Every structure is written in C-alpha cells, then in structure tokens.
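Note sheet for the following structure.
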Amino acid sequence: MPPPPPSYYTSLESKLASTSAELETLHLDAALDYSMDSSNPSSVPNCLSPFVPSPSSVCASIPPLLSSFNLPPPYTFLDLGCGDGRVCISLSLSLPQTKCLGIDVSPLCVSQASANALSEGRLKSSCEFLEADVVGMGGELDYTLYGGWREVKVVYMFIFPTLLEKVWPFLNALEGLEVLITNTYHFEGGVEVQHGWRRVDVGGKGGGEEEEGGEFNNLVTYTRVCSDV
C-alpha cells in the first residue's frame, strides 16, 4: 500500500478541528472538576497533562522517522496520551503492518479517538484506543486491559513534563520497547541515561528538536543502551 499523500495529514487535521477544540475544553474542565470535587462524575482523576493535538506536520514526520530504525514488522506503536487519536489513525494508514495503540486517562479522549478511527475506516485490529492510567499502573502491566504489551516496540509521547517525569516505571516494564519518541517536551538532565536509554541523532538532525519546519520538527528519539555483558 502506497503511503498517503502529504495532503492527507492536513485534511485529517482540518476534519478533526471542531471536535478537537471542543475536546480540549472538555478535557481541561474534567481535570479542573476533579481538582475541586473528586466525587464529580464528569471529572477525570490523575489528569497530569492537558489535551493538545499533535499537528499534521508531526503526524507526517513519524512514519519516515520510524522507517529510519528498520524495526521489523509486525510490532505495536503506542501513543501515550493519545488525545483524539490522530497520530494512531494516520500511522495505521502509512504503516499498515503496525498495530497502533492509543492510551489516555480521559474517557472523553478515548471515546472521541475511537469514533474518529471508525469514521476514517480503521479497524480495531489495526487501531485501538484504551482508557488507562499508566502512572497508577506503574511497573505492573495490566494484561487484562491489553494482552499485547510485549509487542510494543515504540512509544510516542506528546505530554507535559508533569506527566513525562512519572511514566518511567511503566516504560521500563515494557520489555520489548526499543524506541521512545517525545514531542516538544523532552527528558531533561540526563534522566533517560539513568533508566538505560540514550538520545540518538536521526539523519544528523538530533531527532529534529527545534528544527522548525524540518522533517522531524520538535521530535526527539531515544533508544535503549545495549549492554556489553
């Protein structure tokens, strides 16, 4: 299957614009509701990062970025904090052999992502969204929630530092994980080294951080440090 044309990503972004704007407001309100009244049924607990959608330029950059790592398919790509699901939806078209899994703590986001995937003709077998609190999960993976954790080789994160600093127990529990991709907010102070990861350059672009308008705009990649033992 040929990759989608560049216009597909901007078209998808435009198509989701109205629901995306509404979801941003609802997501923020749900987080605030919890902080003020945790018994409120419309609140979302443990919401450590607001919903901000990945721009079309980033969605278009992820497939060539993944191709540079030569990961043998099939494998699972996990969008941690998936929002409205646009990253998984577009990637499932670009890399049809890749299972795309989106996770979000917000049921509002998961519901919208699932609806968006359905409207774009994506099957659950190739593009799935789950409600889960990975911070609460810690290093104990919930196999009743999802049975394919061992197939997760790539994790993408466009999440605030408030959440980014808390996901290491979950990431370290993913035994098959090979590549981390962060968008805009990145690991600081060498914390990734403490967990056995290293920041890598992709095509001499350093992963594309601050490469405004560049191929890998605002994306930084990390790979596991191989042991010599």
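The values are calculated or read from the model by the stated rules, or taken from the named source; none is laboratory data. Quick caveat, the model's predicted, so the values are computed rather than measured. When we count neighbours, we look across all protein chains shown, and the Cβ atoms used for this are built from the backbone with ideal geometry, even at glycine.
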task = Mind listing whichever residues of segment 189-200 are out of contact with any strand residue (DSSP E or B) (no Cβ under 7 Å at 6 or more places or on another chain) and touching a residue at least 12 places away in the same chain (Cβ under 8 Å)?
result = Val191, Val193, His195
task = Could you pull out the residue among Glu175, Glu211, Glu215 that is in contact with a helix residue (DSSP H, G or I) (Cβ under 8 Å, 6 or more places away or on another chain), modelled with pLDDT under 90, of a type in the set (D, E, K, R) and part of a loop (DSSP other than H, G, I, E, B)?
result = Glu215
task = Might you let me know whether segment 87-104 holds any residue that is touching a strand residue (DSSP E or B) at 6+ places or on another chain (Cβ under 7 Å) and in contact (Cβ under 8 Å) with a residue 60 or more places away in the chain?
result = yes
query = Residue check, Gly136 against (1) more than 16 Å from the chain's Cα centre (by Cα); (2) free of Cβ contacts under 8 Å to residues at least 40 places away in the same chain; (3) surrounded by fewer than 19 Cβ atoms within 10 Å (Cβ to Cβ), all met but one. Which one?
reply = (2)
message = So in segment 147-180, with the set limited to residues that are touching a Leu at 6+ places or on another chain (Cβ under 6 Å) and surrounded by 15 or more Cβ atoms within 10 Å (Cβ to Cβ), which one is farthest from Pro74 (Cα to Cα)?
response = Leu163
remark   = Going through (1) buried (at least 24 other Cβ atoms within 10 Å of the Cβ); (2) among the hydroxyl-bearing types (Ser, Thr, Tyr); (3) over 15 Å from the mean Cα position of the chain (by Cα) one by one, Ser90 fails only at (3)
Among residues of segment 160-178, those that are in contact with a strand residue (DSSP E or B) (Cβ under 7 Å, 6 or more places away or on another chain) and either over 22 Å from Leu66 (Cβ atoms) or of a type in the set (Asp, Glu) (or both), counted = 1
task = Output yes when any residue across segment 27-42 is in contact with a helix residue (DSSP H, G or I) (Cβ under 7 Å, 6 or more places away or on another chain), surrounded by fewer than 18 Cβ atoms within 10 Å (Cβ to Cβ) and at pLDDT below 70, and no when none is.
result = yes
request  = Can you give me the number of residues within segment 117-135 that are more than 24 Å from Leu174 (Cα to Cα) and assigned to a strand (DSSP E or B)?
outcome  = 0
key: Yes/no for Thr98 being among the β-branched types (Val, Ile, Thr) and in contact with a Leu (Cβ under 9 Å, 6 or more places away or on another chain)   = yes
remark   = If you go through Thr221, Thr144, the only one that is among the polar types (S, T, N, Q), at pLDDT 90 or above and in contact with a strand residue (DSSP E or B) (Cβ under 9 Å, 6 or more places away or on another chain) is Thr221
